[in-house]
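Notes follow the structure.
None of the figures in this text is laboratory data; all of them are computed from the coordinates on show. No experiment lies behind these values; they were computed from the predicted model shown. FYI the Cβ positions are ideal-geometry reconstructions off the backbone, even for glycines, and counts take in every protein chain you see.
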Amino acid sequence: MSLREDPAGGYLLAVGAMSAHGALGRTGAVYLLRDELPSGESLQAGAYATISGDGAGFSAGGQIALGAEVHWLTVSGIGASELVVAAPGTTPLPGDTVPDGAAIYAFDSSMTGSLDVFDADRKITAPKAGFGFHIAGWDGDSDGIKNLVATQGSANGSHDRVLAFSSPWVNDLTVDDATAAWTLESSNVVDRIVDLGDVTGDGVPDLFTGAATWSGDGFARAGAAWVVPGGNLTGGSMLDAAIHLYGDEDGEGVGYDATGGDFDGDGNVDLIVGCYGLSPAALPGKIVLFLGPVPDGALDESVSDSVVHGEYPFDQFGMNLESLDVESDGVAELLVGAPGADRDMGRVYLLGSDALLQ
Ligand SMILES: [Ca+2]
Ligand SMILES: [Ca+2]
Ligand SMILES: [Ca+2]
Ligand SMILES: [Ca+2]
């Protein structure tokens with residue numbers, strides 16, 4: 001889901017449904033909603049525009065998964081934000097065929113009625129499924145326009161490369177046009193890429209990459225978080241990213257999500273990494289705060305500025321993080337998802353600086 005202000009007033013909400021049924025099977029769909037949607041109305045009936053995955057040109061039988069990622073982003077430099085939608089392709093059921101391609105589509109602002117992927121204004125295509133399970137907009141080269149960043153892997157769930165494309169994005173591209181690629185060894189799953197803002201304090205925004213099931217530092221599924229500083233986007237091994245935080249206990253699950261925000265109000269962007277806890281451990285999950293500017297090198301919980309733990313084992317506290325400034329006073333607040341809390345009913349916590357910096 002992604003929310004933006006509507007130039008005509010109110011808000012626009014884009015909702016991806018990657019398993020939605022279309023005329024050609026479960027090709028996925030995206031629904032665009034205005035905020036006057038009457039409660040109780042279905043997504044399909046209430047949407048002012050629907051984008052169908054039908055006709056994407058990939059082989060039938062597989063699930064192209066249109067809507068796996070949906071973001072309003074300003075990546076073309078046209079001024080208004082575009083809707084960027086991923087169709088990474090996946091194999092949800094035994095016997096399903098792997099789609100023979102994947103794509104990320106951009107739609108310029110005015111959309112209405114029934115659309116499909118041929119209505120996109122530009123696209124980035126990949127010859128194999130597994131491109132675009134995670135996307136972000138990040139002005140890593142500091143030209144004032146966000147670069148599209150996307151993961152690439154395989155349809156069965158290994159997302160082990162992060163690709164950045166040049167800005168502005170104005171033409172059809174392929175994955176071979178990526179200007180930088182960061183790689184993990186195969187079978188490491190990137191769970192999230194996030195534009196953090198400038199956590200290093202050099203004026204250029206920085207990119208978070210997380211892999212909560214990473215076991216590369218000697219602990220089973222301890223997880224890892226990497227921060228790629230903005231600047232010269234050269235790519236390389238993600239293990240060489242300038243800043244990293246590796247879990248140091250089994251099942252710690254470091255790095256499923258992260259966010260940047262000025263949580264202490266000193267003007268510097270701070271870094272919060274979620275460590276949600278997963279099998280084989282029975283942890284409640286936690287978030288770890290590093291006040292900015294964050295230095296290069298290895299981060300460790302012992303040098304963090306705050307750790308906030310979830311309440312009960314299996315709460316998965318910290319699985320989803322979002323920073324926002326609730327009352328616009330310049331100090332960020334943090335929304336923390338704990339989907340395993342209350343017997344999997346889930347909880348969302350809103351933490352202010354008092355709770356974060358206790
Ligand atoms: Ca840029
Ligand atoms: Ca920076
Ligand atoms: Ca700060
Ligand atoms: Ca605030």
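Fewest-first ordering of LEU271, LEU32, LEU24 by other beta carbons within 10 Å of each residue's beta carbon gives LEU24, LEU32, LEU271. Less than 5 angstrom separates the built amide H of ASP191 from those of GLY210, ALA211, ALA212, all sequence-distant by 5 or more or on a different chain. Near the amide H of ARG221, within less than 5 Å, lie the amide hydrogens of SER215, GLY251, all on another chain or at least 5 residues away, with H placed in the peptide plane. Only aspartates and glutamates eight or more places from LYS128 in sequence, or on another chain, were considered; those with a Cα closer than 20 Å are ASP54, GLU69, ASP96, ASP100, ASP160, ASP172, ASP176, ASP177, GLU185, ASP191. Computed from phi, the 3J(HN,Hα) profile of segment 79-89 under the Karplus parametrisation 6.51, -1.76, 1.60 (θ = phi - 60°) reads x, 8, 7, 9, 8, 10, 10, 9, 10, x, x Hz, with x in place of Gly and Pro.
Ratio of Rg to Rh for the chain: 0.95 [Cα atoms; Kirkwood radius as inverse mean 1/r over pairs]. In percent, how large is the relative contact order of segment 184-358, given Cα pairs closer than 8 Å and 6 or more residues apart? Relative contact order for segment 184-358 comes out at 17 percent. Between segment 120-158 and segment 300-358, what is the separation of their alpha carbon centroids in Å? Computed from Cα coordinates, the inter-centre distance equals 28 Å.
Taking ALA68, ALA20, ALA150 as the candidate residues, the one with maximal mean-square fluctuation in a Gaussian network model of the chain, Cα springs under 10 Å, is ALA20. For the chain, the relative contact order works out to 9 percent when only alpha carbon pairs closer than 8 Å and six or more residues apart are counted. Would you mind classifying segment 184-358 by shape? Square roots of the alpha carbon gyration tensor eigenvalues, ordered a ≥ b ≥ c; an a/c under 1.5 is rounded, otherwise it is prolate if a/b is larger than b/c and oblate if not. Because a/c hits 1.5 or more and a/b fails to exceed b/c, segment 184-358 counts as oblate.
A Gaussian network model of the chain, with springs between Cα atoms under 10 Å, assigns the largest mean-square fluctuation among GLY346, GLY318, GLY337 to GLY346. I need the shape label for segment 198-281. Rule: rounded when a/c is under 1.5, else prolate if a/b > b/c, else oblate, with a, b, c from the alpha carbon gyration tensor. The shape class here is oblate. Which shape class, rounded, prolate or oblate, goes with segment 109-192 when its Cα gyration tensor gives a ≥ b ≥ c as root eigenvalues, a/c under 1.5 marks rounded, and past that a/b bigger than b/c marks prolate? Oblate.
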